[in-house]
Structures are given as structure tokens and as C-alpha cells.
Amino acid sequence: MTEHLDELLSSFAGATVMDCSVGTGFITLDLIREGHSIICADGSAAMLERFEANAAALGLDTKPIHLDWADLGGTFPGVFDLIICRGNSLVYADVWDEDTPAAGAAAIAGHLRSMYAALKPGGFLYVDIPVPADPARPEDRIHHTPCEVRGRRVSVSESITLLAEAGLRRWDVRMEIGDEVFSFTRHSHALDREHLTDALRRAGFTDPVPLEGNTLRDHYQVLTARKPFPNVMKRFAVPVPALTESR
């Protein structure tokens with residue numbers, strides 16, 4: 001499960017990397033155990049309690065930071081070479097746990113601007129969102145490829161309903177972890193690649209690039225985008241009219 005990110009992080013050896021949606025540490029703790037240096041943060045205290053328990057079980061002395069995305073840029077201005085926002089976290093933000101969710105493009109834009117502010121010039125954001133619905137899929141329910149996590153088989157199936165007028169998707173999820181079965185309903189923003197690309201550009205990012213065929217799960221798609229270097233030559237520029245008038 002870590003191979004794709006392991007290869008990516010190897011390209012950032014010695015860089016300052018943050019997982020800003022680390023959750024319980026799924027995937028990230030395994031990457032840390034493999035030798036990668038990652039600063040871990042999440043806005044959910046409950047998630048971070050699970051993270052610390054999972055880290056201790058692996059013998060890792062990794063202390064996460066309880067940090068909301070709204071505070072990311074102000075707390076770490078221009079610090080990171082790479083920020084990772086995985087697990088569909090961006091589309092879940094502000095609506096996942098709400099009983100009466102309301103979509104808001106402004107909220108997503110604000111989160112992206114804060115991530116932008118926390119990156120160094122030239123730094124990259126790695127973000128994933130759900131893949132588009134497949135109209136050729138015959139079954140009503142999506143069954144994801146099962147995997148084994150720390151000796152327990154994890155199987156997830158879900159039905160996803162687009163609530164177009166609300167700008168949301170409803171997720172009816174069934175999760176089997178070993179012998180335990182969990183069912184729940186959640187919501188997410190109806191954010192596709194086109195709208196995410198536009199939101200990234202509006203936040204100041206350049207070069208949004210989809211990583212085709214490079215996802216950890218078959219129901220995610222990944223984009224990367226870069227914070228550009230400032231044009232330091234602008235301050236030396238002379239307005240064209242001034243040049244014309246001097247002749």
C-alpha cells in the first residue's frame with residue numbers, strides 16, 4: 001500500500017514534508033517506519049488519539065500536531081516542500097460529520113489558500129479526490145479491493161449518491177474489519193477534477209497535474225500542484241509608457 005508514496009517521498013529526500021490530514025496514521029505510519037520523515041497533523045483530536053495508539057503499537061515515537069487547516073499557513077508560513085492531503089480529506093472537510101451539511105466552495109478555497117501559505121516557493125501539494133462515477137458499472141454498490149491492515153482484513157463497499165442541487169455526495173458505507181461490521185452515512189463536497197483544478201489555480205497554485213495510475217486506492221484520483229517562485233525581477237521593471245515618454 002505504501003509503494004506509490006514511498007517512491008514519491010524518495011524524490012523529496014531531506015525535504016520538509018507534512019501530512020496535514022494524517023487521521024489515524026493509516027499509510028503514513030508505515031512510511032515513517034520505512035524511514036521517511038513526515039510531520040503529522042490533523043484537525044480531529046479523536047483521530048489523533050487513535051494515531052498515537054497506532055504509533056505506539058508500531059514502536060514509533062511520533063507525536064502528531066492538533067491543527068486545523070485554517071491555522072496551517074499562519075502556524076507554518078512558507079515551511080514545507082511538500083504537503084500531503086490524502087484520503088479524500090479535502091472533499092470531506094466541513095461536511096463529513098454534519099447531520100445537515102451545506103456545501104461551500106469558499107471553504108475549500110480557504111483550505112487550499114492556507115496550504116499554499118504553508119508551502120515554500122517551489123513546494124508541492126499532493127491532494128486526492130474521488131474518481132468520477134463509472135456509468136458502465138453494472139452494480140448499484142461499489143466494492144473496493146480488500147486489503148490487509150496489520151493482520152486484519154479490511155473490506156469496504158459503498159453506494160454514492162450525487163445530490164446535485166446541494167453540491168454534495170451522500171456516501172452509504174459498509175466497512176468490515178476482521179469480524180466487525182460498521183455501517184454509516186456521510187457526506188462530501190461534489191468536487192471533481194475540473195473544479196479542483198480551478199480551485200487550485202485560484203489559490204495561487206500552478207501546474208496542476210493528475211497522477212494517472214498512481215493512486216493508493218482504486219476509488220481515488222490524485223493531483224499535484226506547485227507554489228510558484230516569486231518573480232523577483234518585477235521590482236526592477238520600468239513601465240512601458242515611461243520608456244516611451246523618455247524618448
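Could you look through region 55-84, keep only residues that are touching a residue at least 40 places away in the same chain (Cβ under 8 Å) and assigned to a loop (DSSP other than H, G, I, E, B), and pick out the one that is nearest to GLY35 (Cα to Cα)?
Here the answer is PRO64.
Residue by residue through region 103-117, note down the ones that are among the aliphatic types (A, V, I, L, M), at pLDDT 95 or above and either part of a loop (DSSP other than H, G, I, E, B) or out of contact with any strand residue (DSSP E or B) (no Cβ under 6 Å at 6 or more places or on another chain) (or both).
Pass one, region 103-117, residues among the aliphatic types (A, V, I, L, M): 103, 105-109, 112, 115, 117.
Next, from what is left, pick out any that are at pLDDT 95 or above: 112, 115, 117.
The answer is LEU112, ALA117.
Can you say whether THR24 is more than 26 Å from ARG113 (Cα to Cα) and at pLDDT below 95, as far as the supplied structure shows?
Details: more than 26 Å from ARG113 (Cα to Cα): no; at pLDDT below 95: yes.
No; evaluated as a whole, the condition is false for this residue.
Which condition does ALA15 not pass, out of (1) under 29 Å from ASP198 (Cβ atoms); (2) among the small types (Gly, Ala, Ser); (3) under 17 Å from the mean Cα position of the chain (by Cα), if it passes all the others?
Exception for ALA15: condition (3).
Which of the residues belonging to region 36-54 are at pLDDT 95 or above and assigned to a loop (DSSP other than H, G, I, E, B)?
Hits for region 36-54 are HIS36, SER37, ILE38.
Hey, among ALA41, ALA45, ALA70, ALA56, which residue is small (Gly, Ala, Ser) and touching a Leu at 6+ places or on another chain (Cβ under 6 Å)?
Details: ALA45 fails: touching a Leu at 6+ places or on another chain (Cβ under 6 Å); ALA70 fails: touching a Leu at 6+ places or on another chain (Cβ under 6 Å); ALA56 fails: touching a Leu at 6+ places or on another chain (Cβ under 6 Å).
Among ALA41, ALA45, ALA70, ALA56, only ALA41 is small (Gly, Ala, Ser) and touching a Leu at 6+ places or on another chain (Cβ under 6 Å).
Which of (1) in contact with a Gly (Cβ under 8 Å, 6 or more places away or on another chain); (2) modelled with pLDDT of 90 or more does ALA190 not meet, given it meets every other one?
The single condition ALA190 does not satisfy is (2).
Filter region 1-17 down to residues that are modelled with pLDDT under 90 and outside any helix (DSSP H, G or I) and give me whichever is farthest from ASP128 (Cα to Cα).
My answer is ALA13.
Take the residues in region 85-96 that are touching a Ser or Thr at 6+ places or on another chain (Cβ under 9 Å) and in a loop (DSSP other than H, G, I, E, B); name whichever of them is modelled with the lowest pLDDT. Full working, then the answer.
Within region 85-96, the subset touching a Ser or Thr at 6+ places or on another chain (Cβ under 9 Å) is 85-93, 95-96.
Right, trim to in a loop (DSSP other than H, G, I, E, B) and you get 86-88, 93, 95-96.
Values: ARG86: 92, GLY87: 87, ASN88: 86, ALA93: 82, VAL95: 77, TRP96: 72.
It comes out as TRP96.
Can you tell me which residues in region 175-199 are farther than 16 Å from ASN88 by Cβ, touching a residue at least 24 places away in the same chain (Cβ under 8 Å) and not hydroxyl-bearing (Ser, Thr, Tyr)?
Our first condition is that a residue be farther than 16 Å from ASN88 by Cβ; within region 175-199, this holds for 176-183, 194, 197-198.
Among the residues that remain, those that are also touching a residue at least 24 places away in the same chain (Cβ under 8 Å) are: 177-178, 197.
Within region 175-199, ILE177, GLY178 meet the criteria.
Please enumerate the residues belonging to region 166-210 that are over 26 Å from ARG113 (Cα atoms) and not in a strand (DSSP E or B).
Within region 166-210, GLY178, ASP179 meet the criteria.
May I ask you to say which residue of ARG150, ARG170 is basic (Lys, Arg), surrounded by 11 or more Cβ atoms within 10 Å (Cβ to Cβ) and at pLDDT 85 or above?
Details: ARG150 fails: at pLDDT 85 or above.
Within the list ARG150, ARG170, the selection yields ARG170.
The values are calculated or read from the model by the stated rules, or taken from the named source; none is laboratory data. Every value quoted in this text rests on a predicted model; they were computed, and no experiment measured them. As a convention, Cβ positions derive from the backbone with ideal geometry for all residues, glycine included, and neighbour counts pool all protein chains shown.
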